[in-house]
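The values are calculated or read from the model by the stated rules, or taken from the named source; none is laboratory data. Everything numeric here is computed off the predicted structure, so don't read it as measured data. Positions of Cβ are generated from backbone atoms using ideal geometry, with glycine treated the same way; all protein chains shown enter the neighbour counts. For the accessible areas, the whole protein counts, side chains as well, though only heavy atoms, and no ligand, DNA or RNA atoms are used. Shrake-Rupley method; radii C 1.70, N 1.55, O 1.52, S 1.80 Å.
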Amino acid sequence: MQYIEYLIIIVILLIVALSITKTKKKDYKIEVNKLVDYLGGKKNIIDYEFNKSRFVVRLENVELVNKEAIQKMGAQGIVEIDNQLKIILGPDAKQIKKYINDLK
């Protein structure tokens with residue numbers, strides 16, 4: 001009888017743990033759409049590449065970029081060189097890369 005009680009408690013804890021981790025997952029499609037908007041839209045993006053945790057994007061007009069909003073999204077840093085931005089995304093870079101490639 002005692003084993004059944006322990007089993008029920010373990011099952012309940014697993015369900016709670018799974019529901020917590022599911023709610024904490026980011027919706028990367030929404031994040032990517034926001035990022036593209038903050039970069040001035042699809043038409044402003046000439047080219048892009050990923051290098052581990054960095055997202056390097058070449059832009060038509062850098063003045064259209066909302067750097068503050070990109071930082072609020074969780075970017076760890078932004079470096080601007082001419083018409084190019086290097087955005088340090090950290091561990092989210094892989095997921096964002098996947099969804100940005102899907103936008104093309």
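Odds and ends about this structure:
- Of all residues in the range 71-104, those being open to solvent by 70 Å² or more (accessible area, probe 1.4 Å), closer than 20 Å to Lys42 by Cβ and in a helix (DSSP H, G or I) number 5.
- Lone unmet requirement of (1) without any contact (Cβ under 8 Å) to a residue 24 or more places away in the chain; (2) open to solvent by less than 70 Å² (accessible area, probe 1.4 Å); (3) within 17 Å of Asp102 (Cβ to Cβ) for Glu49: (2)
- Qualifying residue in the range 53-70 (condition: part of a helix (DSSP H, G or I), out of contact with any strand residue (DSSP E or B) (no Cβ under 8 Å at 6 or more places or on another chain), at pLDDT below 85 and of a type in the set (A, V, I, L, M)): no
- Residues of the range 18-50 classified as at pLDDT below 70 and among the small types (Gly, Ala, Ser), total: 1
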